[in-house]
Amino acid sequence: MIPWLQHSSDPFPPIDQAIDDPNGLLAAGGSLSKQRLVDAYRRGIFPWYSPGEPILWWSPDPRCVLIPDQIHISRSMRKRLKKKDYSVVFDRDFPAVIDACSAPRRDADGTWISNQMKEAYCALHREGIAHSVEVYIDDELVGGLYGLSMGKLFFGESMFSRAKDTSKIAFIVMVEQLQKWGYALIDCQVSNDHLFSLGATEISRDEFQCYLDRYIDDTGPSIWVFDQPDALESDQ
């Protein structure tokens, strides 16, 4: 039986107490306060639950991650990137990105990004912890993603596309920028074919913990500022 977190100050149980079925479920309850979320991510724990459920906290094993210099860009995506009919910016409209990520999708019932989640992550954005990557075509937001940056680690949360390949464009541009900034790892949380096609892989929880221990307090960029450069590495 998983522990129930009664108060916002309750500590999380050790991550090796996460259960195997469902994979990585560690605890339930608590709150989505800034401090609890920061404490959770620093320990490799993230919230994921459906509206109407208690807050569920996860630390899966294995963990889906991407090493920035191991990103895979297909030939077709390289051609798409070269078209430059889009622009990419960081943190211009975080609320719009998380709203778009929460919208119903053809291949899923409902959404796990509740209003409570939106408010919590927008608060983290105002603190400079959560960030968005946005793709625009003709000044219309057509794709993007959001997540948390701590030290030299980026914890991805969700992405969306309103036009073909735009979530991939957001992800590739972000990864190349994080590589330039010296980031060590991108946490993708749970694996899927979309992430694997971009070069993601799975590592054990113990190996993921080693990245946390080494990089969570490493100095990252103080300000996420990015406008689409004249030439991306993927164009070359």
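The values are calculated or read from the model by the stated rules, or taken from the named source; none is laboratory data. Just so it is clear, the model here is predicted, and its values are computed rather than measured. Here the Cβ positions follow ideal geometry from the backbone for every residue, glycine too, while neighbour counts run over all protein chains shown.
Quick notes on this one:
- Taking the range 1-109 as the region of interest, the helices (runs of 4 or more DSSP H) fully inside it that hold 2 or more residues being more than 16 Å from the chain's Cα centre (by Cα) are 34-42, 75-82.
- Only one entry in Phe154, Phe160 is without any contact (Cβ under 8 Å) to a residue 60 or more places away in the chain, buried (at least 20 other Cβ atoms within 10 Å of the Cβ) and not assigned by TED's automatic domain parsing to the domain that holds Arg36, namely Phe154.
- Put simply, of Ser191, Ser149 the only residue that is assigned to a strand (DSSP E or B), small (Gly, Ala, Ser) and in contact with a Pro (Cβ under 9 Å, 6 or more places away or on another chain) is Ser149.
- Scanning the range 57-72 for residues that are crowded, with 18+ Cβ neighbours inside 10 Å, closer than 30 Å to Ala27 by Cβ and out of contact with any Cys (no Cβ under 7 Å at 6 or more places or on another chain) yields Trp57, Trp58, Ser59, Pro60, Asp61, Arg63.
- Restricting attention to the range 73-91 and to residues that are touching a strand residue (DSSP E or B) at 6+ places or on another chain (Cβ under 9 Å) and surrounded by fewer than 17 Cβ atoms within 10 Å (Cβ to Cβ), the residue that is nearest to Trp112 (Cα to Cα) turns out to be Ser87.
- The single condition from (1) surrounded by fewer than 16 Cβ atoms within 10 Å (Cβ to Cβ); (2) at pLDDT 95 or above; (3) not in a helix (DSSP H, G or I) that Asp230 fails is (2).
- Residue count for the range 92-110, restricted to those that are surrounded by fewer than 19 Cβ atoms within 10 Å (Cβ to Cβ) and in contact with a Lys or Arg (Cβ under 8 Å, 6 or more places away or on another chain): 3.
- In the condition set (1) part of a loop (DSSP other than H, G, I, E, B); (2) closer than 16 Å to Phe46 by Cα; (3) not basic (Lys, Arg), Gly128 is compliant with all but (2).
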